[in-house]
Amino acid sequence: MVIDFEQQFKQLLVQQDEFTFNEFYFQTVDIFYRYLKANYVISAEESEDIIADFYVKCRNGLPKYDINQNFSGYIRSIFKNNLKDFFKKKGDVAFSTISGANETNNFEDNLEHPEDFRELLEASFTFEQIQQSIVKLDELNQEIIFLKFIEEKSY
């Protein structure tokens, strides 16, 4: 995830310029939302909460940012720390809360179309293979894949 701006823009962010921060928000919010959707299985509401918390923390932390440092790395670390905080607060979700309101049904009873379930497992397996392969790439190639398929940039 590469997020960079001109020095003057970063200086205005550090100075807490409201217009500049709004511009920063509008230019980046979609990137963070797509990142969450591509990498985590969380609801839209949870994604919005994570992003809202991120921007609050970002706004509070920007006055301490040194504009000569890597801006993308700074923003990325705030975002990743925010994600860690979210998952720490969330904790483990009990399986019983996932299984639904009707506890008398067996798991097999809920599988109306076993072939659809098989397709889902195969797609999930393929996704796992892709994730494992991406992790093996060097940082530059990971960034290229992220920019192309998550941020929808051209090659």
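ASP85 versus (1) free of Cβ contacts under 8 Å to residues at least 24 places away in the same chain; (2) under 27 Å from GLN142 (Cα atoms); (3) not in a loop (DSSP other than H, G, I, E, B): which is the lone unmet condition?
(1)
Exactly one condition in (1) buried (at least 17 other Cβ atoms within 10 Å of the Cβ); (2) more than 12 Å from the chain's Cα centre (by Cα) is false for LYS90; which is it?
With respect to (1) buried (at least 17 other Cβ atoms within 10 Å of the Cβ); (2) more than 12 Å from the chain's Cα centre (by Cα), LYS90 is out only on (1).
Could you list, ordered by first residue, the pairs with Cβ atoms under 7 Å in which the first is in segment 8-27 and under 15 Å from ASN60 (Cα atoms) and the second is part of a helix (DSSP H, G or I) and aromatic (Phe, Trp, Tyr), at least 6 apart or interchain?
So the pair list comes out as LYS10/PHE71; LEU13/PHE21; LEU13/PHE24; THR20/PHE9; TYR25/TYR55.
What about ASN39, is it loosely packed, with under 13 Cβ neighbours inside 10 Å, closer than 18 Å to PHE146 by Cα and not aromatic (Phe, Trp, Tyr)?
yes
For (1) modelled with pLDDT of 90 or more; (2) part of a helix (DSSP H, G or I), each residue gets a yes or a no:
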| position | (1), (2) |
| --- | --- |
| PRO63 | yes, yes |
| ILE67 | no, no |
| TYR74 | no, yes |
| ASN81 | yes, yes |
| LYS89 | no, yes |
| SER96 | no, yes |
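Which of the following residues is assigned by TED's automatic domain parsing to the domain that holds LEU36, exposed (fewer than 14 other Cβ atoms within 10 Å of the Cβ) and under 15 Å from the mean Cα position of the chain (by Cα): SER47, SER77?
Going through SER47, SER77 in turn, the sole match is SER77.
The values are calculated or read from the model by the stated rules, or taken from the named source; none is laboratory data. Remember, it's a predicted structure, so these values are computed and weren't measured experimentally. As a convention, Cβ positions derive from the backbone with ideal geometry for all residues, glycine included, and neighbour counts pool all protein chains shown.
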